[in-house]
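Following: one structure in structure tokens, then a few remarks.
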Amino acid sequence: MELFEVAPDKRCQRGLTFRYYLKEPPDDEAMLEAFDERSSLPMITGQENWAGQMIHRRILQFRFEVRFGERAGEITFRHRATAQQEQRTSDRAWFEALLTEILAPS
Amino acid sequence: MSRKVAPLQRRDHGRTHRAQEPLVFHCNFYNYWLQKTLLLDPDLEMERVLHDASAAAAYASLTQSAKDLGADSAEERVKIAEDTFADQGFGTVQLSPLLSEKRVIDVPVSHYGKCLSQAITTDFGQPQTFMDAGYIAAAAAFVWNHPVESLCGKILQCQALGAEKGVVELVDCAEGRDWKPACGIGPGGKEAPPPPNANTNVDEGAILQALSGLDLAGDEEGLLPRFGVMLTNHFGNFYNRISFEFLHKMNGTGLLEAGEMLLQDAGYRCGFHTFGGIMESAEWDAVVKPQCKTQEDWVHGMVAVVNALGWGVWRVVELDDQHIVMRIYDDYESTGWLGMYGQSDRPVSHLATAGVAGLMNTIYLGDIQSKPTLDLDYYAKVFEIDGAFTAEETKSLSMGHAYTEIVAQR
Amino acid sequence: MTDVTLGSLFPGKMGRVELTRVAIKMRRPDLLKMKPTAALDGKTASDLEAAIAVVRKG
């Protein structure tokens, strides 16, 4: 079973931004906790408060940003502009492997 | 992220300032279409105007920033200049060579170098980073304590032409340069804006409060991806200088109205891409859409967001599906004109005029609620619709009226 | 005269905007007053086509 679908942003940020649509998303807190547990990269955390809706950011500087909480069941993955194509491919593969591990039925 | 920058200040009438220089948010689509218009005729030498407008605004901002932050040393000034460039979404500029009086400066990431291309489907035929070059000239003058008009930035490499990084060389400028300093905050209108139109389900105050939770500073690369576009928190005086100097050059050629029409075209595209992008964004879905019950609410909601962009205070006076009357208090185009040239004899708020038309067409004809893909084909389709809204500036702060008024109808 | 008209080179409202760009590029305000249906002479048609190609670049 496909655990998620991914679509590139077709607009201005084409090539930079990808949206992940999770088939059976866990709740936000569980998702974030699972991501943080498994990610061994030196990520910077951040938050935005949209009228009470919390957006959680995980940033690997000059490589990518992952944004949780923008829409239910969705995660945004955004490359940084300076990341070279090879790095982008490898970073997204890393992210998708992590996502698969988190979402796979136990 | 901690940066050495002067704080942003929200002032009266919806204006935002940093170190007494007005800032306005604009996206890469507007930046591209505006610059494309200005560069149409190479004999106008608008590259120099772009450069100098950037240098003037940047120099004013940086020197006041140093005073506000109590920064005296050259090292501190380099940091302020680098951090201001990044914070405002222009990219990354490496200015440490200035400390050893070197004159070749790298720009590893540039909004103008990398992000304008997302608005087009072809290649660039010339460099696009005149704004960067002017900023670097200003930064050098700021760090070295030289007169700002004595230095120019010469573009050696530009990412828009495929270079891996931008490179700018500082050169001494020719004598007899027609230097115009930035005009700062500029005179504003005396009339206070009324409260938002109450004939809506939208709560503008709540929306502005919610938007204050967004991180609208450049990321660690100095870029500002948001709402599906790349934003810049740009110098209002830069936009005004380049737009109005272009019109001055058109004056007397029989092409003044044509020039005004193209400035409006850039504004219309901004209305489509930026407003459209905002209305399709997750931020809109979270903060504004829950309050919207009618198409008119979408207009009021978008106007609430515009009032966070530093453009002045927009107020909907009349609205239905056939027409809108918008009044703008201290629109940045008028205050800029007044600050630079004094009273105008014709309307000057071309961005605002087209923005109002673009907003109405996007909502009432573009079916933005269904989240169409906002590409060139879709833009053309909406633009060509018979009976689209057209807008006219019926009053202008720049002409001595109490506010700027724009009427759009179909 | 050719069978090319301003209207055929610059169709619709988008075409009018593009014609405005071309008129500024060529410094030809007269282009904006020409009837869209009038046939263009060969040189004007070819100059306009060349200008369109330049204006369509980034």
Please tell me which of these pairs span more than 32 angstrom C-alpha to C-alpha: B:Lys180/B:Lys381; B:Lys79/B:Lys165; B:Lys289/B:Lys381; B:Lys154/B:Lys395; B:Lys154/C:Lys43? B:Lys180/B:Lys381; B:Lys154/B:Lys395; B:Lys154/C:Lys43
Please list, or write none, the lysines whose alpha carbon is within less than 20 Å of the alpha carbon of C:Lys57, excluding same-chain residues fewer than 8 places away. B:Lys36, B:Lys114, C:Lys13, C:Lys25
May I ask you to list the aspartates and glutamates whose Cα is less than 16 Å away from that of A:Lys10, ignoring any residue fewer than eight positions away on the same chain? B:Glu280, B:Asp375, B:Asp377
Could you check the simple spin-label distance between B:Arg11 and B:Thr122, using points 7 Å along Cα→Cβ, in nm with one decimal? 4.0
Over chain B - Rg/Rh using Cα atoms and the Kirkwood inverse-distance radius: 0.95
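Going by how many other Cβ atoms sit within 10 Å of their own, how do B:Asp72, A:Asp91, B:Asp43 line up, fewest first?
B:Asp43, B:Asp72, A:Asp91
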Taking the alpha-carbon distance from B:Lys293 and a cut-off under 20 Å, which lysines remain once sequence neighbours fewer than 8 residues away in the same chain are dropped? B:Lys371
Phi angles of the range B:95-100, converted by Karplus (6.51 cos²θ - 1.76 cosθ + 1.60, θ = phi - 60°) into ³J(HN,Hα) in whole Hz with x for Gly and Pro, give 9, 4, x, 4, 5, 10
Given charges of +1 on the Cβ of Lys and Arg and -1 on the Cβ of Asp and Glu, with all other atoms neutral, how large is the dipole of the protein assembly as shown about its Cα centre, in debye to the nearest 20? 900
Based on DSSP H assignment, which helices of chain B show an axial Cα extent of at least 27 Å together with a mean Kyte-Doolittle hydropathy greater than or equal to -0.5? B:46-69
Estimated D of the range A:4-103 in µm² per second, where Rh is the Kirkwood radius over Cα pairs and Stokes-Einstein applies at 10 °C, 1.306 mPa s: 115
Classify the range B:128-242: rounded, prolate or oblate, from the alpha-carbon gyration tensor (a ≥ b ≥ c, eigenvalue square roots; a/c under 1.5 rounded; otherwise prolate if a/b is larger than b/c)? oblate
Volume in Å³ per residue [convex hull over Cα atoms, computed for chain C]: 70
Karplus-derived 3J(HN,Hα) from phi for the range B:110-124 (6.51 cos²θ - 1.76 cosθ + 1.60, θ = phi - 60°), whole Hz, x at Gly and Pro, runs 9, 4, 5, x, 10, 9, 5, 5, 6, 8, 10, 10, 10, 8, 7
Expected max-MSF residue from A:Thr89, A:Thr76, A:Thr17 in the GNM of chain A (alpha carbon, under 10 Å) is A:Thr89
Expressed in whole Å with the largest first, what are the equivalent ellipsoid semi-axes of the protein assembly as shown derived from the C-alpha gyration tensor as the square root of 5 times each eigenvalue? 36, 30, 26
Dipole magnitude of chain B about its Cα centre, charges +1 at Lys/Arg Cβ and -1 at Asp/Glu Cβ only, in debye to the nearest 20? 560
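Since every read-out is calculated from the coordinates, none of them should be taken as a lab result. Predicted model only: the values in this text are computed from it and were never measured. Every residue, glycine as well, gets a Cβ built from its backbone with ideal geometry; the counts of neighbours run over all protein chains shown.
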